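The values are calculated or read from the model by the stated rules, or taken from the named source; none is laboratory data. Note that the structure is predicted; figures quoted are calculated from it, not measured. Please note: Cβ atoms are built from the backbone with ideal geometry, for glycine as well, and neighbour counts cover all protein chains shown. Ligands, DNA and RNA are excluded from the accessible area calculation, which covers all protein heavy atoms including side chains. Shrake-Rupley method; radii C 1.70, N 1.55, O 1.52, S 1.80 Å.
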Amino acid sequence: MINPQQVEAMIQAEMPDAQIQVQDLTGGGDHYQVTVVSSQFADKGLVQQHQLVYGALRQAMSTEAIHALAVKTYTPEAWQATAAS
């Protein structure tokens, strides 16, 4: 089992500029939804953005500490646009 703070720390280690929200979807510590806002997503497609997040969580995913992961990614500009609407 892994806690939300550990998930956030793993992403932050790979993406230092990221703003990260982690939600435990089931309360069991193995099904998460993460929302990540980072300038590293600029000029990358959605699949590439998600690959960056999965890469940061590679160890937890390979040991099945995280069984399921829903990922939402935004550039800072896209995030601002969603906040404005």
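Residue check: is THR73 open to solvent by 40 Å² or more (accessible area, probe 1.4 Å) and not hydrophobic (A, V, I, L, M, F, W, C)? No: the conditions fail for THR73.
Taking ASP30 as the residue in question, decide whether it is acidic (Asp, Glu), surrounded by 15 or more Cβ atoms within 10 Å (Cβ to Cβ) and at pLDDT below 95. Yes, satisfied. Of all residues in region 48-67, those that are in contact (Cβ under 8 Å) with a residue 24 or more places away in the chain and within 14 Å of SER38 (Cα to Cα) have Cβ atoms under 6 Å from Cβ atoms of residues that are among the hydrophobic types (A, V, I, L, M, F, W, C) and assigned to a helix (DSSP H, G or I), 6 or more apart or on another chain, in GLN49/PHE41; ALA56/MET10; ALA56/ILE11. With respect to being open to solvent by 50 Å² or more (accessible area, probe 1.4 Å) and within 12 Å of the chain's Cα centre (by Cα), GLN19 fits the description.
Tell me, please, whether a residue that is at positive phi and touching a residue at least 24 places away in the same chain (Cβ under 8 Å) can be found in region 23-45.
Of the residues in region 23-45, the ones at positive phi are 27, 29, 43.
The next check asks that each one be touching a residue at least 24 places away in the same chain (Cβ under 8 Å); those that pass are 29.
Yes: one or more hits.
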